[in-house]
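Report on one structure; see the data block that follows.
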Amino acid sequence: FANNLFRPMASVSVKLGNQVPIITASGLGKQYLVPGWRLGWIVFSNNKAIQAVKKGAQRLAQVVLGASHLAQVAIPAVLDPPSEEDRACVASWKDELLSIIEDQSNLLCILINQCYGLEVIPAQGAMYAMVKIHVDKFDDTIVDDLTFMKLLLVEENVVVLPGRAFGLEISAEINISCHVFRVVFCAPENIIKIACERIRSFCLRHKEN
């Protein structure tokens with residue numbers, strides 16, 4: 001988003017002389033908005049150092065029930081379009097999609113930052129944002145990301161993912177206190193507005209007296 005530039009790790013590795021093997025995994029699900037296809041690929045860079053890993057991945061791919069041949073044919077068609085017209089079409093679609101997602105990201109950030117006790121960490125290119133919960137600003141029913149998530153679901157029917165689902169938990173050893181949740185913004189703008197208004201109402205309801 002904005003002026004952020006995505007740099008594939010494989011290209012960075014090449015510039016550094018291929019000293020570090022890179023495994024890149026991607027798929028059609030998020031890039032092309034067809035999550036039900038469950039179709040993706042893995043690219044191995046500097047294969048000599050990770051031959052065993054590559055062979056293991058190939059064996060797994062042969063024993064797991066995979067996508068249909070028709071769906072697999074779509075991969076080269078979208079990654080390397082056969083004509084200039086097709087390439088221009090795919091590029092135009094990607095630009096439009098990126099613009100829509102960035103607009104929705106900006107909208108979410110504005111609305112979440114208006115919620116009492118919350119602080120959004122803006123996305124730089126993802127389809128979700130991380131939101132910090134200042135638990136000291138809420139009543140005793142909210143003590144961490146998990147209690148926030150559970151009460152929000154029960155009271156407002158809004159689902160977010162607690163940070164601990166991604167390994168972001170409180171560490172008593174290093175005294176870190178960072179409660180967060182993840183929220184996506186792929187839904188239409190009217191749905192984002194409704195969800196954020198429910199989150200705002202929830203936060204005000206549990207505001208510390």
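What the table below lists for this structure:
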quantity	calculated
Rounded percent of accessible protein surface that carbon and sulfur make up, the chain, 1.4 Å probe	58 percent
Listed residues Met127, Ile191, Val154: farthest to the positive end of the dipole of region 70-209 (Cβ charges)	Val154
Leu168, Leu108, Leu60, reordered so the largest accessible area comes first (probe 1.4 Å)	Leu60, Leu168, Leu108
The chain, dipole about Cα centre (Lys/Arg Cβ +1, Asp/Glu Cβ -1), debye to the nearest 20	840 debye
Leading residue at positive end of dipole, region 45-179 (Cβ point charges), from His179, Leu118, Pro76	Pro76
For region 60-191, diffusion coefficient by Stokes-Einstein and Kirkwood Rh (Cα), 25 °C, 0.890 mPa s, µm²/s	136 µm²/s
Dipole in debye (nearest 20) - region 88-137, about Cα centre, beta carbon charges: Lys, Arg +1; Asp, Glu -1	160 debye
³J(HN,Hα) computed for each position of region 153-168 - Karplus, 6.51 cos²θ - 1.76 cosθ + 1.60, integer Hz, glycine/proline x	5, 5, 8, 10, 6, 10, 9, 10, 9, x, x, 5, 5, 10, x, 9
Spin-label pair Asp86/Ala165, simplified geometry with 7 Å Cα→Cβ offset, distance in nm	3.7 nm
Residue among Ala10, Ile50, Gly66 farthest towards the positive dipole end of region 1-103, charges placed on Cβ	Ile50
Nitroxide proxy distance, nm - points 7 Å out along Cα→Cβ at Gln19 and Lys137	4.5 nm
Accessible surface, region 65-209, averaged per residue in Å² (probe 1.4 Å)	61 Å²
Cα extents of region 27-82 along the three principal axes, largest first (Å)	33, 25, 20
Rounded to 10°, Cα long-axis angle of helix 69-79 versus longest principal axis of the chain	90 degrees
All lysines inside 22 Å of Lys30 as judged from Cα atoms, apart from same-chain residues fewer than 8 positions distant	Lys94
Residue-by-residue Karplus 3J(HN,Hα) for region 95-108, coefficients 6.51, -1.76, 1.60, Hz, glycine and proline x	4, 5, 4, 4, 5, 5, 5, 5, 4, 5, 5, 4, 4, 4
Calculated P(r) tail over 16 Å for region 58-128, as whole % of Cα pairs	68 percent
Paramagnetic reach from Leu97 in region 27-66 [backbone N under 19 Å; point 7 Å along Cα→Cβ]	27-43
Cross-link reach list, aspartates and glutamates versus Lys207, counting only Cα pairs under 12 Å and skipping chain neighbours closer than eight places	Asp136, Asp139, Asp140
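The values are calculated or read from the model by the stated rules, or taken from the named source; none is laboratory data. These numbers come from a predicted model, not from an experiment. When we count neighbours, we look across all protein chains shown, and the Cβ atoms used for this are built from the backbone with ideal geometry, even at glycine. What goes into the accessible areas is simple: the full protein's heavy atoms, side chains included, and nothing from ligands, DNA or RNA. Shrake-Rupley method; radii C 1.70, N 1.55, O 1.52, S 1.80 Å.
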